[in-house]
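**Q** Structure below; questions to follow.
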Amino acid sequence: MKRHALCCLMAIVALSATAQITEAPKDVNGVIDNTPDSIAKAMTARPVPGSSRRGQNPVLFLIGNSTMRTGTMGNGNNGQWGWGYFAHEYFDASKITVENHALGGMSSRTFYNKLWAPVCDAIKPGDWVIISIGHNDNGPYDSGRARSSIPGAGYDTLNVVIKETGVHETVYTYGGYMRKYINDVRARGGNPILMSLTPRNAYDKDGRVVRKEHTRWQMQVAAEEGVPFVDLNEISAQKLDRYGHWKTDYHFFLDKIHTSRFGAMMNARSAAEGIMASHNPALNPLKAMMRSVALPVHNVQRHKGRPVIFFTGDSTVKNEDKDKDGMWGWGSVANTIFDTNKIDIVNAAQAGRSCRSYLKEGRWDRVYNSLQPGDFVVIAFGHNDIGEIDKPKYRGCIPTADDTCHVYKMKAAKEKPTENVIDQKLKPQNVNVGEYEVVYSFGWYLKKFINDVREKGATPVLVSLTPRNEWKDGKIERRNQSYGKWYRQVAEETGCEFVDIHNITADFLDKKCGSKEKASKYYKRDHTHTSLLGAQTNAKSFAQGLRSNNSPLAGYLLKGKK
């Protein structure tokens, strides 16, 4: 009898609480982060709390969901990455280590109830904890994943009985869970940081990326509790607003909430930038353990009133470029066609690179970050873009101009290749056997570069690859049914200026030489790399193409040069 009365009383309490509490928010994500049978596997890939600690150095613990650590294994094998994967890049490992304890599908409530205890126990005085969780604080309070917190930063509570298990639980507000994390971290002598959520790929009625309401609740709690707050949501959303829809789309993968490598790297940088930009003195000790968040740029010697032309590409654009009898790239002799009193020249090309590897290694970002309105960027890739995708030298692209991509796992070479000194210099950076990479099409990479240049108020110029010294029936090889077709498709789709060096130089060599032997003086060591004469010829072809196009860039050419 007493047990029956107690059950009735609990039911009354639960009902009265429900009548006063805001209805649970709808699950707007529309994705399942981890199914029950994959959570156990995902847990095997999460670090043991505190295991990264080096001596007496502090640890930075990351608390979040799939936007911080996505996929069952968190390694990008589904084409998605969480920003916690890249967070360590902004911290000096000799001073502090970073542990990503996030897990997909967790809300502030479920993480606290199921995963927080061992992390909390590992916190030592002087450690830091970033709490950036809340994307999954939605859905039913008492059934299914039962992960919703009460909206807001107040002190309301709700007693529920989970329908599937019969477990009794007190549900708190979103702000209430933030306070729980803060109090626990402080009790262990740690330093809590509240950080707002990553933005979703969603837009409001004004065409701006939607800002998450959780930001307001976190700010309120941070102010009340006297802890640092970093608005990651706003910092990243401002970037996405500048990017536009096409670029924003590829910062996500498969859905509207989980990020691609592009998006994860952006959010990791935004988080670091937010910490560095904070005026809260409580963050000064953490800042002292961080690496610079300055954007990588080219050291450009700009002259007032002059634009800069950046050359990007491979060894046919930039090579050894020092010995008159050696190999030369045509971008390195651009001073023979441009008036350097009117325009500054930066040859940012790199031997051995494809569109993909040039981007992956961060070389494109250095150009992008250096651009100012009025500048020009020559985009001249192709020689290294079609080949092995998932094996050394890990630079092949999908051979089409259509927008497409695929997740590849990088493999080792079947046999160790014979390498000479030059080959060693050409080895790509930032690629590890066993890692996953989303590889895009040749045309997609070109479109990305074109879009990036325009975003900065500069002008892109697409340039076809130089012809190789391969001949058939008295005519030099033409690759118009592959690269040529792809260039033209990209130029047509984007409206980008296109200079067809490939055919301009090929026409010249057909007429001037007529055979591989006679054309050999334009090449050096092999059928691809040019001599100084060959580089100068390609530069002249570029100038010819600019004039034929009535290009804005033609106005900076030396007068009288053809």
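**Q** Sketch the reach of a paramagnetic label on residue 54 as a point 7 Å from Cα along Cα-to-Cβ, and name the residues of the stretch 252-276 whose backbone nitrogen lies under 17 Å away.
**A** Taking a point 7 Å out along Cα→Cβ of residue 54, no residue of the stretch 252-276 has its backbone N under 17 Å.
**Q** Listed highest first by mean packing, meaning other Cβ atoms within 10 Å per residue, what order do 350-356, 186-192, 24-30 come in?
**A** Top of the packing list down: 350-356, 186-192, 24-30.
**Q** Same structure, new question: Give me a comma-separated list of calculated 3J(HN,Hα) values for the stretch 355-362, in order, Karplus coefficients 6.51, -1.76, 1.60 applied at θ = phi - 60°, integers in Hz, x for any Gly or Pro.
**A** 3, 5, 6, 4, 6, 4, 7, x
**Q** Right, something else. If r is the Cβ-Cβ distance from residue 186 to residue 548 and R0 is 56 Å, what FRET efficiency results, to the nearest 0.05?
**A** 0.20
**Q** Under the rule of at least 5 residues apart or a separate chain, name every residue whose amide H is placed under 5 Å from the amide H of residue 129.
**A** Long-range HN contacts for residue 129: 61, 191, 193.
**Q** Now for a separate question. Post the alpha-carbon centroid distance, the stretch 354-369 to the stretch 288-302, in whole angstrom.
**A** Cα centroid of the stretch 354-369 versus Cα centroid of the stretch 288-302: 15 Å apart.
**Q** Go through 128-137, 156-165, 330-339, 297-306 and give me the packing order, highest mean Cβ count within 10 Å leading.
**A** Result, highest mean first: 128-137, 330-339, 156-165, 297-306.
**Q** Peptides 357-367, 549-559, 62-72: what's the order by average Cβ count within 10 Å, highest mean first?
**A** Going from most to least packed, we get 62-72, 357-367, 549-559.
**Q** Greater than 18 Å separation of Cα atoms is the criterion. Which listed pairs, 393/521; 26/180; 318/475; 472/511, meet it?
**A** 393/521; 26/180; 318/475, as the Cα separations exceed 18 Å there.
**Q** Full extension from residue 156 to residue 507: what is 0.36 nm times the residue separation minus their Cα-Cα distance, to one decimal in nm?
**A** 118.5 nm
**Q** In addition: Under the 0.36 nm per residue contour assumption, what length would be gained going from the current alpha-carbon distance of residue 216 and residue 391 to full extension?
**A** My answer for the length gained is 58.3 nm.
**Q** Of the accessible area of the chain, with the probe set at 1.4 angstrom, what percent is carbon plus sulfur?
**A** In the chain, the share of accessible area belonging to carbon and sulfur is 52 percent.
**Q** Moving on. Could you work out how much longer the chain between residue 205 and residue 340 gets when fully extended? Use 0.36 nm per residue separation minus the Cα distance between them, nm to one decimal.
**A** Taking residue 205 through residue 340 to full extension adds about 43.8 nm, to one decimal.
**Q** Something else now. Spelling out what I want: for every residue of the stretch 143-160, take phi, set θ = phi - 60°, compute 6.51 cos²θ - 1.76 cosθ + 1.60 (Karplus), and round to whole Hz; glycine and proline get x.
**A** 8, x, 6, 6, 10, 6, 9, 6, x, x, 10, x, 10, 5, 9, 9, 8, 10
**Q** Right, something else. Straight-line reach from residue 391: which aspartates and glutamates have Cα under 20 Å away, leaving out those fewer than 8 places along the same chain?
**A** 314, 361, 415, 419, 423, 435, 437
**Q** Rounded to whole Å and ordered largest first, report the semi-axes of the equivalent ellipsoid of the chain derived from its Cα gyration tensor (root of 5λ).
**A** In descending order, the three semi-axes are 55, 23, 22 Å.
**Q** For the residue pair residue 113 and residue 170, what label-to-label distance in nm results when each label sits 7 Å from Cα along the Cα-to-beta-carbon direction?
**A** Label-label distance for residue 113 and residue 170, simple model: 1.4 nm.
**Q** Using a 1.4 angstrom probe, figure out how much accessible area the chain has per residue, in square angstrom, rounded to the nearest whole.
**A** Per-residue value: 45 Å².
**Q** R0 = 35 Å: FRET efficiency of residue 23 with residue 409, Cβ-based, nearest 0.05?
**A** In this case the efficiency is close to 0.20.
The values are calculated or read from the model by the stated rules, or taken from the named source; none is laboratory data. Fair warning: this is a prediction, and the values are worked out from it, not measured in the lab. Quick reminder, even Gly has a Cβ in these numbers, built from the backbone with ideal geometry, and neighbours come from all protein chains shown. Heads up: the accessible areas ignore ligands, DNA and RNA and are worked out on the full protein's heavy atoms, side chains in. Shrake-Rupley method; radii C 1.70, N 1.55, O 1.52, S 1.80 Å.
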